[in-house]
C-alpha cells in the first residue's frame, strides 16, 4: 500500500501537467461560441447578456424576418442597435400575418406606411431592460411611442392587453441581447386610437351612458387628454337606476344638473388600473364627493349604495374604463 501511494506521488507532476493542458484546451475551445449570440453564464449559473445586439438577435432568428423588414422600413435599425438597455416585445412572422389580415393590408402597404409603422413598432419598445421575472403584472407599461399597455398573468402565460384592448401572449421570453432583451409575442400590439367617449360608443352595453354624456354636454370633459379613470355604468345599471328613481330615460336625460352631478361622480382624475385602485381609501371624484372600493372590488357611494366592478382595464387614449353594474350617486 505504501508502495502504490509512493508511485502515485512520483507521477503526480505529470498528471498535473496533463490536467493543465486540458484546461487550456477547454478554455481555447470556449471561444468558439463568441459572437454566436448565445447566452453565457457568469460562473454562478446566472445568464448574462448575449453577444449580439437586438437587431442582430432578430436577424439571426427566422421567426422575426418580417419584424426586421419592418424595423428597416421604419429606420429603427440604428436605434435598436445602439448601446443601452432596452426591451422589445417582438412580434413573430405569424403575428404580422395576422395583423395584415386584421387590417386588410398587403405587407408592402404596411411597410410603406412609415408613420403608422414607426408608431406601432415603438409601441413595442421600452427604454429599460425588463426580463420576464420583473414584468409589473397588471400595471401600466409605458413604451417609447407613448400611451400604455399592461401585462396580466393568465395561468402560466403572460398576456399583454394593448391600447385597443387586444390580447397578445408572450410565447418566448428573455431572448437576451447585449443591449437589451426580446420577448416574442404572438400578436402585434397596437396603440390606442379611441378616447374614452369613442371607446364607450364602440360598446353595445354602454349606449345609455353615451346618451347621458352627450345630454349633459360632457363629451369634451370625457375626451380631454387626461388621464381619467371612469367607472362606467352599463345599460342594465341605468335601467335599475330608472326604476329606483321612478323616472323615465327621457326625464333623466332632460335633467342636465342631475346628470352632470351623477356622471362626474363616476370620473376620477389619474390613471388607476385595477392593480392601482386604492382599496379601502376614499377616492375623490370629479364631482368632489368621494367613493371607496373594497378588496372585493365593490364600490360604495356617499349614500351607502354599492356597485360591483365587472370588466376592468378597458384602455383608451386618455385613460381607463371599469364597467360597473349600478349607477353610483353622490349626496343630494
Open item on the list: Multiplying the sequence separation of residue 295 and residue 236 by 0.36 nm and subtracting their Cα-Cα distance, what value in nm do you get?
Closed with: 18.9 nm
Task: All-pairs alpha carbon distance profile, the range 45-197, 5 Å steps from 0, percent - done: 2, 9, 20, 24, 22, 15, 6, 2, 1, 0, 0
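Taking every DSSP beta bridge that has both residues in the range 49-185, what percent is antiparallel when rounded to the nearest 5?
On the way: 17 of 23 bridges.
So the antiparallel bridges in the range 49-185 amount to around 75 percent.
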Task: Antiparallel bridges, percent of DSSP beta bridges restricted to the range 140-273 (to nearest 5) - done: 100 percent
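Could you please rank 76, 182, 329, placing first whichever residue has the fewest other Cβ atoms within 10 Å of its Cβ? List each step's numbers first, then the result.
Working: 76 18, 182 25, 329 21.
Least crowded to most crowded, the residues run 76, 329, 182.
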TODO: Tell me the label-point distance for the pair residue 207, residue 219, using the 7 Å Cα-to-Cβ offset, in nm and rounded to one decimal.
DONE: 1.8 nm
Task: Pair residue 247, residue 69: separation of 7 Å Cα→Cβ label points (nm) - done: 5.8 nm
Open item on the list: If each residue of separation counts as 0.36 nm, what is the full-extension length gain between residue 171 and residue 127 once their alpha-carbon separation is subtracted?
Closed with: 13.7 nm
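For residue 153 and residue 102, calculate 0.36 nm times their separation in residues minus their Cα-Cα distance, and state this gained length in nm to one decimal.
Details: separation 51, 0.36 × 51 = 18.36 nm, distance 2.51 nm.
Stretched out fully, the residue 153 to residue 102 stretch lengthens by 15.8 nm.
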Task: Inter-label distance for residue 269 and residue 255, nm, one decimal - labels placed 7 Å from Cα along Cα-to-Cβ - done: 2.8 nm
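What translational diffusion coefficient, in µm²/s and rounded to a whole number, does the Stokes-Einstein relation yield for the range 196-324 at 20 °C and a viscosity of 1.002 mPa s, taking the hydrodynamic radius as the Kirkwood radius over Cα pairs? Please report the intermediate quantities before stating the final value.
Working: Rh = 14.7 Å.
Using the Kirkwood radius from Cα pairs, D works out to 146 µm²/s.
With both partners inside the range 196-324, how many of the DSSP beta bridges are antiparallel, as a percent to the nearest 5?
Working: 15 of 21 bridges.
Here the antiparallel bridges make up roughly 70 percent for the range 196-324.
Taken together, the values in this text are just the output of simple stated rules run on the coordinates, not laboratory data. As the structure is a computational prediction, the values presented were derived from the model and not from experiment. Because the Cβ atoms are built from the backbone with ideal geometry, glycine has one as well, and the counts that use them run over all protein chains shown.
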